Amino acid sequence: MGTENNIKSLVDCHIIPALLQGLLCPDLVFIEACLRCLRTVFISPVTPVQLLYTDPTVIPHLMSLLSRSQRTQEYTTQIFSHCCKTPEHQTVLFNHGAIQNIAPLLISPSYKVRMQALKCFSVLAYENTQVSMTLVNVLVDGERLSQVFVRMMQRDQPIDMQLTAAKCLTYMCRAGAIRTDESCIVLKTLPCLVRMCSKEHLLEERVEGAETLAYLMEPDVELQRIASTTDHLVAMLADYFKYPSSVSAITDIKRLDHDLKHAHELRQAAFKLYASLGSNDEDIRKKITETENMMDRIVSGLSESSIKVRLAAVRCLHSLSRSVQQLRTSFHDHAVWKPLMKLLQNAPDEILVMASSTLCNLLLEFSPSKEPILESGVIELLCSLTQSDSPALRVNGIWALMNMAFQADQKVKVEIVRCLGTEQLFRLLSDPDTNVLMKTLGLLRNLLSTRPHIDQIMSSHGKQIMQAVTLILEAEHSIEVKEQTLCILSNIADGNTAKDLIMTNDDMLQKIKYYMGHSNVKLQLAATFCVSNLIWNEEDGSQERQDKLKEMGFIDALHKLTQASDANLSDRAKTAMQQYLA
């Protein structure tokens, strides 16, 4: 029970195998002493938990000791909950009957045993569908396990027990074993966790309460709405930023030390909870940004020394950046883009993913931050993201460029093409990740809009672009990918000089005709659009183009489509047919 070094030297002397050997002794008092020592060694962060799993006979033997005494129950479950760190550990414990053996301990006369059993279930159920689905059906003394947890969350129970029981139900809910609209979640777990965020609790409890609540409602807009109107939660979280309290008021140096230690954990928890609360609902986002100094707090969070706080702050910012109104108002007023751009310089990947996602939203055409970001030389940075090994970063880099190219000036488009380089652009068009491919096609489509731009880009890169389009239309790709590719082709067909690249390419014309007769309406529509643009009357050379397509059997194909059951498609085909009659 001394320092970490003491534990380290004991572990190095192979104390663990010796103590595990001691568990085979018939003397119960000696077994309890060995377990107590093992417990103390295993709860130290310096002990490798893997040591519990090296000998496959250890876990079943520990399970068998659960029935010996209250002490063996307390120490063994405590060892399990500290040594269950990975999905593999969860499976080993599950397969050795952890649930059946530990469930009866939840109604033990000893508080310590009940508490350790509860902690054990929270680590077993975390992100584990198999465990959670099993827990739902367990009965303890004729009562469902979820009801036992609900009873443990009552206000007259110790806080530690309320919190851990709320975690168990939260994890079971997130693993899909309990529906989000069940009363044990809406009426019991959620209010219990909101309660934990209030001022009268210890700082550690407030951190844990907020983080668990953020996790519970992350995927569910209904829970977000309920939480946002429970006990003034949004305002209550503002208090998380007030630590350490002003130094003059603190006489107790120990208290200051404690506050300092927890201050960044509190800020991290508050940012996470705000991010979760604001991820879907516009009114909640408004409520958050109107909370005292909130935007300033997020901005200063982006440059904190603690990486965890930075990550939580950027998550919060990302959540708020999904709002058109916030992009136009508070994001603009606080010039959020500046610290965000700074954060993107050599940050670790997890921060980069969140920060670049946020940047994608700031680059949408209605965002007033788009202009200043463009002027800050962001294109280089985004192009470098598209070369990342992480698919998420490649997607975000190309997505941001796609947003940037939407209705952009020629100068911006040329700069994107120059900086990205055609080689990289075509590498992205054969990316194994479909999201990357879709966003790259989106970028290409945005680059190839408005005639002068289409003609200019096609005059310098036409051959390669047509090659890429051919490859995609010939390969096994989803309907969405092919539709996007045909839309690019329609844009090319809309250029003045660019359309010659299609007209002189019989193979491509055959492909367009093939997609006009495809079984999917979206692809038929996109292909028909293409034909329409090629034969449009008012343009130079339309007569020659019409004649060529007529020879190739396009009129029959169009005529067939005028009879299509889809109204959009038959209208589009009729409009194209009229070009021939005019």
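When region 288-311 is limited to residues that are more than 28 Å from ARG225 (Cβ to Cβ) and among the hydroxyl-bearing types (Ser, Thr, Tyr), the one that is most open to solvent (accessible area, probe 1.4 Å) turns out to be SER305. The residues of region 433-444 that are farther than 17 Å from LEU385 by Cβ and not polar (S, T, N, Q), listed by number, are LEU441, LEU444. Summed over region 538-555, residues that are exposed (fewer than 13 other Cβ atoms within 10 Å of the Cβ) and at pLDDT 85 or above total 5. ALA468 falls short on exactly one of the conditions (1) crowded, with 18+ Cβ neighbours inside 10 Å; (2) at pLDDT 90 or above, and that condition is (2). When restricted to residues that are open to solvent by less than 20 Å² (accessible area, probe 1.4 Å), part of a helix (DSSP H, G or I) and within 14 Å of GLN456 (Cβ to Cβ), region 490-514 contains 1. Each residue in region 133-151 was checked for being open to solvent by less than 70 Å² (accessible area, probe 1.4 Å) and within 30 Å of the chain's Cα centre (by Cα), and 6 pass. For region 312-342, the set of residues classified as closer than 27 Å to GLU222 by Cβ, outside any helix (DSSP H, G or I) and in contact with a helix residue (DSSP H, G or I) (Cβ under 6 Å, 6 or more places away or on another chain) consists of SER321, SER323, listed by residue number.
If the requirement is being in a loop (DSSP other than H, G, I, E, B), modelled with pLDDT of 95 or more and open to solvent by 20 Å² or more (accessible area, probe 1.4 Å), which of these qualifies: GLN130, GLN157?
Of GLN130, GLN157, the one residue that is in a loop (DSSP other than H, G, I, E, B), modelled with pLDDT of 95 or more and open to solvent by 20 Å² or more (accessible area, probe 1.4 Å) is GLN157.
Is there a residue being surrounded by 15 or more Cβ atoms within 10 Å (Cβ to Cβ) and of a type outside the set (A, V, I, L, M, F, W, C) anywhere in region 241-253? Yes, because at least one residue in region 241-253 is surrounded by 15 or more Cβ atoms within 10 Å (Cβ to Cβ) and of a type outside the set (A, V, I, L, M, F, W, C).
In region 104-118, what residues are surrounded by fewer than 19 Cβ atoms within 10 Å (Cβ to Cβ) and part of a helix (DSSP H, G or I)?
Listed by number, the residues that qualify are PRO104, ILE107, TYR111, LYS112.
If I filter region 522-535 for residues that are at pLDDT 90 or above, part of a helix (DSSP H, G or I), closer than 22 Å to SER459 by Cβ and within 38 Å of the chain's Cα centre (by Cα), do I get at least one hit? Taking every residue of region 522-535 in turn, at least one turns out to be at pLDDT 90 or above, part of a helix (DSSP H, G or I), closer than 22 Å to SER459 by Cβ and within 38 Å of the chain's Cα centre (by Cα).
Taken over region 62-93, the residue count meeting the criterion of being touching a residue at least 40 places away in the same chain (Cβ under 8 Å), surrounded by fewer than 17 Cβ atoms within 10 Å (Cβ to Cβ) and in a helix (DSSP H, G or I) is 2. Restricted to helices (runs of 4 or more DSSP H) entirely inside region 215-311, those with at least 2 residues that are touching a His at 6+ places or on another chain (Cβ under 7 Å) and in contact (Cβ under 8 Å) with a residue 24 or more places away in the chain are 294-301.
Here's the yes/no breakdown for (1) acidic (Asp, Glu); (2) open to solvent by less than 50 Å² (accessible area, probe 1.4 Å); (3) on the phi < 0 side of the Ramachandran plot:
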| position | (1), (2), (3) |
| --- | --- |
| ILE16 | no, yes, yes |
| CYS25 | no, yes, yes |
| GLU32 | yes, yes, yes |
| THR54 | no, no, yes |
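Beta carbons closer than 8 Å, at least 6 apart along the sequence or on distinct chains, pair a first residue in region 560-582 that is free of Cβ contacts under 8 Å to residues at least 40 places away in the same chain with a second that is open to solvent by 60 Å² or more (accessible area, probe 1.4 Å) and part of a loop (DSSP other than H, G, I, E, B) for SER570/GLN563. More than 20 Å from ALA227 (Cβ to Cβ), in contact (Cβ under 8 Å) with a residue 40 or more places away in the chain, touching a strand residue (DSSP E or B) at 6+ places or on another chain (Cβ under 9 Å) and aliphatic (A, V, I, L, M): is that true of LEU203 in this structure? Judged against the criteria, LEU203 is not a match. Is it the case that GLN524 is out of contact with any Asp or Glu (no Cβ under 6 Å at 6 or more places or on another chain) and open to solvent by 10 Å² or more (accessible area, probe 1.4 Å)? Yes. Close contacts from region 28-53, counting a first residue that is assigned to a loop (DSSP other than H, G, I, E, B) and aromatic (Phe, Trp, Tyr) and a second that is modelled with pLDDT under 95 and loosely packed, with under 14 Cβ neighbours inside 10 Å, with Cβ to Cβ under 6 Å and a gap of 6+ residues or different chains, come to none at all. Selection of region 246-271 for residues being modelled with pLDDT of 70 or more and either touching a Cys at 6+ places or on another chain (Cβ under 6 Å) or among the polar types (S, T, N, Q) (or both) yields GLN268, PHE271. Pairing residues of region 166-195 that are closer than 15 Å to LEU273 by Cβ and open to solvent by less than 10 Å² (accessible area, probe 1.4 Å) with residues that are modelled with pLDDT under 95 and not aliphatic (A, V, I, L, M), at Cβ distances under 8 Å and at least 6 apart in sequence or on separate chains, gives LEU190/THR230; VAL194/THR230; VAL194/ASP231. Is there a residue in region 455-466 that is on the phi > 0 side of the Ramachandran plot and of a type in the set (S, T, N, Q)? Looking through region 455-466, none of the residues is on the phi > 0 side of the Ramachandran plot and of a type in the set (S, T, N, Q). The condition of being of a type in the set (Phe, Trp, Tyr) and in contact with a Cys (Cβ under 7 Å, 6 or more places away or on another chain) holds for only one of PHE30, PHE42, that being PHE42. Consider GLU211 carefully, then state whether it is in a helix (DSSP H, G or I), in contact with a Leu (Cβ under 8 Å, 6 or more places away or on another chain), open to solvent by 10 Å² or more (accessible area, probe 1.4 Å) and at pLDDT 95 or above. Here the answer is yes, as GLU211 does meet what is asked. For PHE121, state whether it is open to solvent by 10 Å² or more (accessible area, probe 1.4 Å), of a type in the set (A, V, I, L, M, F, W, C) and in a helix (DSSP H, G or I). Considered against the rule, which asks whether it is open to solvent by 10 Å² or more (accessible area, probe 1.4 Å), of a type in the set (A, V, I, L, M, F, W, C) and in a helix (DSSP H, G or I), PHE121 comes out as no. Do you know which of the residues in region 260-282 that are touching a Ser or Thr at 6+ places or on another chain (Cβ under 8 Å) and surrounded by fewer than 24 Cβ atoms within 10 Å (Cβ to Cβ) is farthest from HIS318 (Cα to Cα)? Result: HIS264.
The values are calculated or read from the model by the stated rules, or taken from the named source; none is laboratory data. This structure is a prediction, so every number in the text was calculated from the model and none was measured. In this analysis, Cβ positions are derived from the backbone assuming ideal geometry, glycine residues included, and neighbour counts consider all displayed protein chains. Accessible surface is based on the protein model in full, side chains and every heavy atom, while ligands, DNA and RNA are left aside. Shrake-Rupley method; radii C 1.70, N 1.55, O 1.52, S 1.80 Å.
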